[in-house]
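Here you go, one structure.
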Amino acid sequence: MLDRASYEYYVLDRPSMTDAEYDLLFRELQEIERGHPELRTPDSPTLRVGAEPQSAFPKHTHAVPMLSLANAFTDDELRAWEERLIRIAGDDIRREGYSAELKIDGAAVSLTYVDGVLVTGATRGNGTVGEDVTPNIRTVRDVPLRLRGRRVPSLVEVRGEIYYPFDLFEQMNEALVRAGERVFANPRNAASGSLRLLDSRITASRPLRFFGYGIVIGTGSEPPCRLQTEVLDLLDEWGVPVAPHRKRCRDLDEVIDWARRVEHEYRASLNFAIDGGVVKLNEISLQDDVGVIGGREPRWAIARKFAPDIAETTLLDIGVNVGRTGALNPYAVLEPVAIGGAVVTFATLHNEDLILRKDLRIGDRVQVKRAGEVIPQVIGPVPEHRRPGARRWRMPDRCPVCGTGVVRDEGEAMHFCPNAACPGRRLEAIRHFASRGAMDIRGLGDQRVAQLVEAGLVDDVADLYDLTPDQLVALEGFARKSAEQLVAAIDASRRQPLSRLLFGLGIRHVGATAAELLAREFHTMDALRQAGPERIGAVHGIGDVIAKSVAEYFRDRTNARLVDRLAVRQLTFREPDAAASDGALRGQTVVITGTLPTLSRQQATELIEQAGGRVTDSVSKKTSFVLAGDNPGSKLDKARSLGIEVIDENELRRRLT
């Protein structure tokens, strides 16, 4: 029962048991095994918590060597690979096409199962001999301790990759920062190092995950599959996690199209690192026919490498940007480097504590990550390449824009400029106010905001509503039509509800959700302004920190004058009544993925909520349907695997009528 619950939670993401129920049963099993050690089996869920430290790892010889892959960096190199195979085995290689799979950037392992039970977990090592890290492997939550389903051979090795999901890796690093410990530089090295810890209890505390990609059958057993794509389906049937976006391709043109989509569309939404795709002859008997090159590389498989989303460069300097709430945000000034098809010169560094924990120094060689349109970030230094002159950095004592003394509240990671009139805060505040999630002023992007501020036309967000087309056409880049369109977009934003306005004001700690909770509770701006921190903190979902921040915002004279000026300009200071209980989507949970034809994500969310529905970020068995547009990503795959209905924008509009 516990094993099944763990599989549903970590692999299927469809828990059938609450955490409390699981913990109660787990403790009961621990008590039984303590009293009767002879009852503890090799696949007991209690092995997930780790064992006593080992003195060293024994060696493990793989039944079949774990080979390296040759690389193809271009489509032409991929075609040349196919031509070599045709010369060896003829056109038969195309008979069943190819298996196209993600190339996970993790630590390769081999898992040996006897009668379906995990008995050995080993690292790749030199390909022939690895290290037996079974106690550590057992702590990886989605590695099955017992294979489920049918057709499980009496002896089988499952090959795969141990990896860190990006979100769990960042959460772990944040926890290390709070604990005053050194953070990990990157997910791949952290995964490999975690497998080789002598104390598996430490490994158990780390959020490692696993994807399987192949099997090796014991001597004398009949191969359970004829095709590699069937192997992946069989692994899934056995309860072994398999990476998404795998595809059976009829020919190399389909492989090339798949690789392009993965690199340029899917990759940015993945929660784990990949460095390419793996292309394999799908017919397993043909794999044996074409053989191996020099005992190192299989001829029947090749890695289609992508442009790296991680690269090394030099950290030239660390600058500080003042955000809309006054937060001082350090950023890296980098020696320009090409990453993922773009040249990167700046990257985020989050806060001073993280810089110190990573021991980043100006002049260091550093690793920088960029995925899709995500802001580049510095993963960490490359210590072996540290230069003698590399120097440490500290946050300045005074705001780099206005010179006001910097403050840092107890328990906060960020430093702040407390000056509400700081020019740095003003520029970022206007940008945020106009953003899609706030007042959604179309055409007022970062460059336009900077242009308006530099021209002296806008000093704060209230000034936006005084702009005229005649003022704008005098600026570079404005024609009469574009000027009129921007003024019309600004005017239309007056009708945004109170919740969007509250979020747009950039009140510290108040995100979109908190703004909506406050607007629905108080209904009007005046009621919220008059409420004290105790009354605000009494709102469900609003804590003391947010309540104090909101009350202080409205007490500040500069902020109070701004709100008064917005009232004079007739912005909406009320929140519409909640959706009727008999709305068309009453009680339904919806996930939005991809780019919709005419609706922004925010507009679609508002339509769904007005009809009584609720929008969430992740697909689960509780999801009523998924609203999908172009380039939907992995959420669509998960919805289909769970049998959840998928609709498009036209169908949504039909249901709302």
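Laboratory data are not the source of any read-out in this text; all were calculated from the coordinates shown. Every value quoted in this text rests on a predicted model; they were computed, and no experiment measured them. Ideal geometry is used to build each Cβ from the backbone, glycine not excepted, and the neighbour counts take in all protein chains shown.
Once you measure Cβ to Cβ distances between cysteines in the chain, which Cys have no partner under 4.7 Å?
By the Cβ distance rule, which asks for a partner under 4.7 Å, the isolated cysteines are C225, C249.
Mind listing the phi-derived Karplus ³J(HN,Hα) values for the stretch 271-285, rounded to whole Hz, using 6.51, -1.76 and 1.60 with θ = phi - 60°, and x for any glycine or proline?
Per residue, the Karplus-derived 3J(HN,Hα) values read 9, 8, 8, 10, 10, x, x, 10, 10, 10, 4, 6, 7, 5, 5 Hz.
Picking from G443, G403, V458, whose Cα lies most toward the positive end of the charge dipole for the stretch 388-480 (charges on Cβ: Lys, Arg +1; Asp, Glu -1)?
My answer, from the dipole projection, is G403.
Spelling out what I want: for every residue of the stretch 526-541, take phi, set θ = phi - 60°, compute 6.51 cos²θ - 1.76 cosθ + 1.60 (Karplus), and round to whole Hz; glycine and proline get x.
4, 5, 5, 5, 7, 6, x, x, 5, 5, 5, x, 7, 6, 4, x
Counting Lys +1, Arg +1, Asp -1, Glu -1, what net charge surrounds G363 among other residues with beta carbon under 12 Å of its beta carbon? Present the calculation step by step, with values, prior to reporting the outcome.
Details: positive: R361, R365, R386, R387, R391, R392; negative: D317, E335, D364.
My count for the surroundings of G363 gives +3.
Based on the alpha-carbon gyration tensor of the stretch 242-346, what equivalent-ellipsoid semi-axes (square roots of 5 times the eigenvalues) come out, in whole Å, largest first?
Working through the eigenvalues yields semi-axes of 40, 17, 11 Å.
Follow-up. Contact order normalised by length for the stretch 41-305, with contacts defined as Cα pairs under 8 Å and 6 or more residues apart; what percent is it?
31 percent
Tell me, what ³J(HN,Hα) does each residue in the stretch 191-204 have, in order and in whole Hz, if you take phi through Karplus 6.51 cos²θ - 1.76 cosθ + 1.60 with θ = phi - 60° and put x for Gly and Pro?
Values, residue by residue: 5, 5, x, 5, 5, 9, 6, 6, 9, 5, 5, 6, 4, 4 Hz.
How big is the Kirkwood radius of the chain, worked out from every pair of different alpha carbons and given in Å to one decimal?
28.5 Å
Strictly over 22 Å apart at the Cα level, which of K247/K280; K280/K635; K305/K358 would you flag in this model?
Beyond 22 Å between Cα atoms: K280/K635; K305/K358.
Calculate the dipole size of the stretch 498-568 relative to its Cα centre from +1 charges on Lys and Arg beta carbons and -1 charges on Asp and Glu beta carbons; express the result in debye to the nearest 20.
Dipole about the Cα centre, nearest 20: 220 debye.
Remind me, what semi-axes does the stretch 412-571 give for its equivalent ellipsoid, largest first in whole Å, using sqrt of 5 times each Cα gyration tensor eigenvalue? Intermediate values should be presented prior to the final figure.
Details: eigenvalues 176, 55, 34 Å².
The equivalent ellipsoid of the stretch 412-571 has semi-axes of 30, 17, 13 Å.
Could you sort the peptides 511-523, 130-142 by per-residue average Cβ neighbour count (10 Å cutoff), highest mean leading? Could the numbers behind the result be given before it?
On the way: 511-523: 18.8, 130-142: 22.3.
Answer by packing, highest mean first, reads 130-142, 511-523.
Once you have the Kirkwood Rh of the stretch 310-385 from its Cα pairs, apply Stokes-Einstein at 37 °C and 0.692 mPa s and quote D in µm²/s.
263 µm²/s
Just how large is the dipole of the chain about the Cα centre, in debye to the nearest 20, putting +1 at every Lys and Arg Cβ and -1 at every Asp and Glu Cβ?
Computed about the Cα centre, the dipole is about 700 debye.
Taking 8 Å as the Cα distance limit and 6 or more residues as the minimum spacing, I'd like the relative contact order of the stretch 310-385 as a percentage. If you can, show how the numbers build up before the last one.
Numbers: 162 pairs, mean separation 23.9, N = 76.
Over the stretch 310-385, the number comes to 31 percent.
Rounded to whole Å, give me the distance from the Cα center of the stretch 114-141 to that of the stretch 357-420.
39 Å
Just to be sure I understand: of the beta bridges DSSP finds with both ends in the chain, what percent are antiparallel, rounded to 5?
Of those bridges, close to 85 percent are antiparallel.
Report, in whole Å, the centroid distance computed from the Cα atoms of the stretch 609-657 and the stretch 464-532.
Cα centres, the stretch 609-657 to the stretch 464-532: 29 Å.
Explain nothing, just the number: relative contact order of the chain, from Cα pairs under 8 Å at least 6 residues apart, as a whole percent. It would help to have the intermediate numbers written out before the result.
Numbers: 1217 pairs, mean separation 64.4, N = 657.
Computed value for the chain: 10 percent relative contact order.
Just going by the charge dipole of the chain, with Lys and Arg at +1 and Asp and Glu at -1 on Cβ, which of A421, A551, S154 is farthest out on the positive end?
Value: A421.
By how many nm would the segment from R654 to S68 lengthen if fully extended, with 0.36 nm per residue of separation less the alpha-carbon distance?
Result for the pair: 205.7 nm of gain on full extension.
Mind pulling the per residue volume of the convex hull built on the Cα atoms of the stretch 134-225? Å³ is fine. Please list the in-between numbers first.
Details: hull volume 10.4 nm³, N = 92.
Hull volume over Cα atoms, normalised by residue count, gives 113 Å³.
Further question on the same structure: State, in angstrom, two size descriptors of the stretch 589-656 derived from its alpha carbons: Rg to one decimal place and Dmax to the nearest whole number.
10.8, 29
Skipping prolines and chain starts, which residues have an amide H placed within reach, meaning under 5 Å, of the one on V292, given they are 5 or more residues away or on another chain?
So V292 has HN proximity to R299.
Enumerate the amide H contacts of L360 below 5 Å, restricted to partners 5 or more residues apart or on another chain; note that Pro and chain-start residues carry no placed amide H.
none
Under a 5 Å amide H to amide H cut-off, with H placed in plane at 1.01 Å, what residues pair with N321 once short-range neighbours are removed?
N329, Y331
Next question, about the same structure. So if I restrict to the alpha-carbon atoms in the stretch 395-477, what is the Rg, and what is Dmax, the biggest pairwise distance, in Å?
15.3, 49
Return one quarter of the surface area of the convex hull spanned by the alpha-carbon atoms of the stretch 41-305, equal to its mean projected area, in nm². Spell out each step's value before the answer.
Working: hull surface 58.3 nm².
Value for the stretch 41-305: 14.6 nm².
Another question, then. Only helical DSSP H runs with n ≥ 4 go in: add -39500 (n - 2.57) per run for the chain, normalise by residue count and round the 222 nm mean residue ellipticity to 500 deg cm²/dmol.
-9500 deg cm²/dmol
Can you tell me which aspartates and glutamates have their Cα less than 15 Å from the Cα of K622? Leave out same-chain residues fewer than eight positions away.
Reachable aspartates and glutamates: E8, D13, E645.
Please report the net charge: other residues with Cβ closer than 10 Å to the Cβ of R94, K and R +1, D and E -1. Don't skip to the end; give the middle numbers.
Details: positive: R95, R250; negative: E82, D91, D92, E96, D251, E283.
Net local charge, R94 excluded: -4.
What is the local net charge at A273, summed over the other residues whose Cβ is closer than 14 Å to its Cβ (Lys, Arg +1; Asp, Glu -1)?
Net local charge, A273 excluded: 0.
Please order Y113, Y266, Y98 by the number of other Cβ within 10 Å, starting at the fewest.
Exposure proxy ranking, most exposed first: Y266, Y113, Y98.
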